[in-house]
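Trainee: First the structure, which I've put down as structure tokens, then a few questions once you've had a look.
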Amino acid sequence: MSSKREKAATKKPAKKPVTRVTTPIQVDYRYTVSIEDIVSRIESEASKGIVKYYTPYTLAQTLNIKISAAKRALREATKRGILKLFSGGRRSPIFVLAK
């Protein structure tokens, strides 16, 4: 049997340094759009008659924003009188033009 001193005296070979590959970071542009810009876009589309109704999902898909930002923008457009709530379901509220 070998003693603890003999085990401590025999060193393990040094490990090679690990090289890590870095991947480029992708920037998510969905955070950079302000609510005011979204509301102005809704107002311009509403005045032209391009869209008949909005849901948070459709707005998020067309403008490439988060659904939470779309919900906030639709609520703000309702406060300004651009849109009105047609169906206030919890999951998918539907907003139509107020005019």
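The values are calculated or read from the model by the stated rules, or taken from the named source; none is laboratory data. Source: prediction; values computed, not measured. Cβ sites come from the backbone with ideal geometry, for glycine too, and all protein chains shown count toward neighbours.
Trainee: Of the conditions (1) over 20 Å from Ser34 (Cβ atoms); (2) among the small types (Gly, Ala, Ser); (3) in a helix (DSSP H, G or I), Gly89 satisfies every one except a single condition; which number is it?
Mentor: Against the list (1) over 20 Å from Ser34 (Cβ atoms); (2) among the small types (Gly, Ala, Ser); (3) in a helix (DSSP H, G or I), Gly89 comes up short only on (3).
Trainee: List the pairs whose first member sits in the range 74-99 and is of a type in the set (S, T, N, Q), whose second member is assigned to a helix (DSSP H, G or I), and whose Cβ atoms are under 7 Å apart, counting only residues at least 6 apart or on separate chains?
Mentor: Ser92/Tyr57
Trainee: Something else: Look through the range 58-78, keep the residues that are polar (S, T, N, Q) and in a helix (DSSP H, G or I), and return whichever of them is surrounded by the fewest Cβ atoms within 10 Å (Cβ to Cβ). Step through it out loud before you land on a result.
Mentor: Our first condition is that a residue be polar (S, T, N, Q); within the range 58-78, this holds for 58, 61-62, 64, 68, 78.
Keeping just the survivors that are in a helix (DSSP H, G or I) gives 58, 61-62, 68, 78.
Details: Thr58: 15, Gln61: 12, Thr62: 13, Ser68: 10, Thr78: 15.
The residue in question is Ser68.
Trainee: Continuing with this model, one more query. Residue by residue through the range 44-57, note down the ones that are out of contact with any Pro (no Cβ under 8 Å at 6 or more places or on another chain), surrounded by 15 or more Cβ atoms within 10 Å (Cβ to Cβ) and assigned to a helix (DSSP H, G or I).
Mentor: Selection gives Glu45, Ala46.
Trainee: Suppose the filter is modelled with pLDDT of 85 or more and of a type in the set (S, T, N, Q); does Thr32 pass it? Reasoning before the result, please.
Mentor: Working: modelled with pLDDT of 85 or more: no; of a type in the set (S, T, N, Q): yes.
Here the answer is no, as Thr32 does not meet what is asked.
Trainee: Filter the range 52-73 for residues that are among the β-branched types (Val, Ile, Thr) and free of Cβ contacts under 8 Å to residues at least 24 places away in the same chain; which is farthest from Val33 (Cα to Cα)? Before the answer, list the steps.
Mentor: Taking the range 52-73 first, the residues among the β-branched types (Val, Ile, Thr) are 55, 58, 62, 65, 67.
Right, trim to free of Cβ contacts under 8 Å to residues at least 24 places away in the same chain and you get 58, 62, 67.
On the way: Thr58: 16, Thr62: 13, Ile67: 13 Å.
Step by step, filter the range 52-73, then rank; the result is Thr58.
Trainee: Turning to a different aspect of this structure: Among residues belonging to the range 79-99 that are within 22 Å of the chain's Cα centre (by Cα) and at pLDDT 90 or above, point out the one that is surrounded by the most Cβ atoms within 10 Å (Cβ to Cβ).
Mentor: My answer is Phe95.
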